Amino acid sequence: MFTAGVIVFPGSNCDRDAANAWQELGCGSAKLLWHRDTDLQGVDMVIVPGGFSYGDALRAGAIARFAPIMDTVAKFAQDGGLVMGICNGFQIVCEAGLLPGALARNEGLKFACKHVDLRVETVNSPFTRACERNATLSIPIAHGEGRYVCDEATHAQLIADDQILFRYANGNPNGSQDDIAGIVGGPNRNVMGMMPHPERATRVGLGSAGGACLFRGIVATLTEDQV
């Protein structure tokens, strides 16, 4: 199958979860890549995982954006490689300019940790192609800076280009603009970011299997690319 590269920063706490999800779903093997490295070791896709990189000093993702490996990840993305940013990873890829917008403190300034419902807004992406449009997925969140914000022009572009992957359904847990929970971008719609944790929702025993369709979508895309 395929090899996922999972970036490890000081303060990452979902790197093993992401690697385990990839492997347990039968997607292939996973390599943990240290933030100081500059070699992706031939992986087929990259996951920038959740956690508190560099202790979220300054603001979430702002220091991790300058890690040596992020220049390599940016080039990988520019060349069409699939990059999946989850929670802190979403913050990092936005700080690195791989996706538009930013993640700000939650409304009410409280940490949010619970299962939420996501509505799939588009299946026109390498990541959501195995999901059903308008389906509701139950996936957990765990963040204090998950409120997605962008300027009006960027918001209009996200809508016009069908870049909104998920919106919060049945209540917005952090005050994100337009209920946005995840977006896609990059030169070939090959970079995604989402605040909820699909790697924590891959089987019913974890409380939900709602996140599994994303990993299946990635495998389908990588398989198609090999043909």
Where a ≥ b ≥ c are root eigenvalues of the Cα gyration tensor, a/c under 1.5 meaning rounded, otherwise prolate if a/b exceeds b/c and oblate otherwise, segment 93-222 counts as oblate
Would you calculate a helix-derived [θ] at 222 nm for the chain, using -39,500 (n - 2.57) for each DSSP H run of n ≥ 4 and dividing by the full residue count, to the nearest 500? -7000 deg cm²/dmol
Would you work out which of T202, C150, P187 lies farthest towards the positive end of the dipole of segment 141-204? Charges go on Cβ: Lys and Arg +1, Asp and Glu -1. T202
So how do 83-89, 96-102 stack up, highest first, on mean other-Cβ count within 10 Å? 83-89, 96-102
Taking a label point 7 Å from the Cα of R216 along the Cα→Cβ vector, which residues of segment 187-203 have an amide N closer than 13 Å to it? 202-203
Per the chain: cysteines with no other Cys C-beta under 4.7 angstrom? C14, C27, C87, C94, C113, C150
Scanning the chain for helices, which whole DSSP H stretches are 15 Å or more long along the axis (Cα) and average -1.0 or more by Kyte-Doolittle? 68-78, 212-226
Net charge dipole size for segment 2-226 [Lys, Arg +1 and Asp, Glu -1 on Cβ; Debye, nearest 20]: 480
Packing rank of 151-157, 200-206, 72-78, where each peptide gets the mean count of other beta carbons within 10 Å, highest leading: 72-78, 200-206, 151-157
What does the extension gain come out to for F111 and S29, with contour length at 0.36 nm per residue minus their alpha carbon separation? 26.3 nm
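Every read-out reported here was derived from the displayed coordinates using simple, explicitly stated rules and does not represent laboratory data. Here the structure is a predicted model, which means the values were calculated and not measured. Here Cβ is always computed from backbone atoms with ideal geometry, including for glycine, and neighbour counts include all displayed protein chains.
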